[in-house]
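What follows draws every value from the coordinates through simple rules; no lab data is involved. The structure presented is a predicted model; accordingly, all values stated were derived computationally and were not measured. No Cβ is skipped: glycine too gets one built from the backbone with ideal geometry, and neighbour counts run over all protein chains shown.
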Amino acid sequence: MNEPVVDFTQRLVQTPSPSREEGELAALVLAEMEKLGFDEAYQDEAGNAVGRIRGREDGPGWLLLTHLDHVDVGDEANWPHPPFSGHVDDEGRLWGRGAVDIKGPLAATVYGAAAARRQGRPPRDVWVVSVVEEELGGGGAAVLVPKLKEMIAAAVIAEPSSLQVIYGHRGVARVRLTFNGSPHHAALSRADDNPHYALARFLERLAVAQRPRDRVLGASS
């Protein structure tokens, strides 16, 4: 099997890239983007590999997003093939740490965007980005989003999903609440100034509050 995209995927898998050690893989990705004719291919200050294919028109474009890092190998004795071999078996399956999450999709986004470019300029810019530290909480994405959010109309996050199209994902909202009270000696009875009771009343109201529903994702948690 010698298709260029398969060869690229093998080289990705054969390049270990645990979190905070993604530099070698980023260089490999950027070199492939340059070879395939991307208009821009660079590494930002976080270490993310960023590629761009310019569109025919101005305005927000598309983002194809993956990440560079992978989780630990674990016990190598459990692997049918060495985890960084990129071995392709007789059934055409490519084996290795990160083959599914997410180096296979990474190769697909790079080569998919390049294939679209060969058919002519896309209507809008296509950004192909692979971020660092996804497995550690998203440090690379935290640097990327403020820079690109005004340039992107829609994003495809190429996480494995058993080939199902997932329309979105629940996010999280964090708030900090302060309940004020006055410290006093345990011998005194001042329940009206106890912030714990105010917190309890708040939690009771929160438990019965009407939460918004999303058309696709359903009720919030």
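Summary of values
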item: Yes/no for residue 169 being surrounded by fewer than 14 Cβ atoms within 10 Å (Cβ to Cβ) and touching a helix residue (DSSP H, G or I) at 6+ places or on another chain (Cβ under 9 Å); result: no
item: Filtered residue count, segment 43-58, keeping only those that are out of contact with any Pro (no Cβ under 9 Å at 6 or more places or on another chain) and in a loop (DSSP other than H, G, I, E, B); result: 6
item: Residues of segment 16-42 satisfying the condition of being part of a strand (DSSP E or B) and either crowded, with 18+ Cβ neighbours inside 10 Å or free of Cβ contacts under 8 Å to residues at least 40 places away in the same chain (or both); result: 40, 41, 42
item: Wholly enclosed helices (runs of 4 or more DSSP H) of segment 102-220 bearing at least 3 residues closer than 28 Å to residue 25 by Cβ; result: 104-118, 139-148
item: Test: residue 85 is over 19 Å from residue 30 (Cβ atoms), polar (S, T, N, Q), in contact with a Phe, Trp or Tyr (Cβ under 9 Å, 6 or more places away or on another chain) and part of a loop (DSSP other than H, G, I, E, B); result: yes
item: Residue match in segment 73-81 (condition: part of a loop (DSSP other than H, G, I, E, B), touching a Pro at 6+ places or on another chain (Cβ under 6 Å) and either in contact (Cβ under 8 Å) with a residue 24 or more places away in the chain or not hydrophobic (A, V, I, L, M, F, W, C) (or both)); result: yes
item: Residue 197 being hydroxyl-bearing (Ser, Thr, Tyr) and in contact (Cβ under 8 Å) with a residue 12 or more places away in the chain; result: no
item: Residues that are in contact with a Gly (Cβ under 8 Å, 6 or more places away or on another chain) and closer than 18 Å to residue 177 by Cα, drawn from segment 197-221; result: 198
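Let's see how each residue does on (1) of a type outside the set (A, V, I, L, M); (2) more than 18 Å from the chain's Cα centre (by Cα):
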{"site": "67", "(1), (2)": "yes, no"}
{"site": "97", "(1), (2)": "yes, no"}
{"site": "100", "(1), (2)": "no, no"}
{"site": "104", "(1), (2)": "yes, no"}
{"site": "107", "(1), (2)": "no, no"}
{"site": "111", "(1), (2)": "yes, yes"}
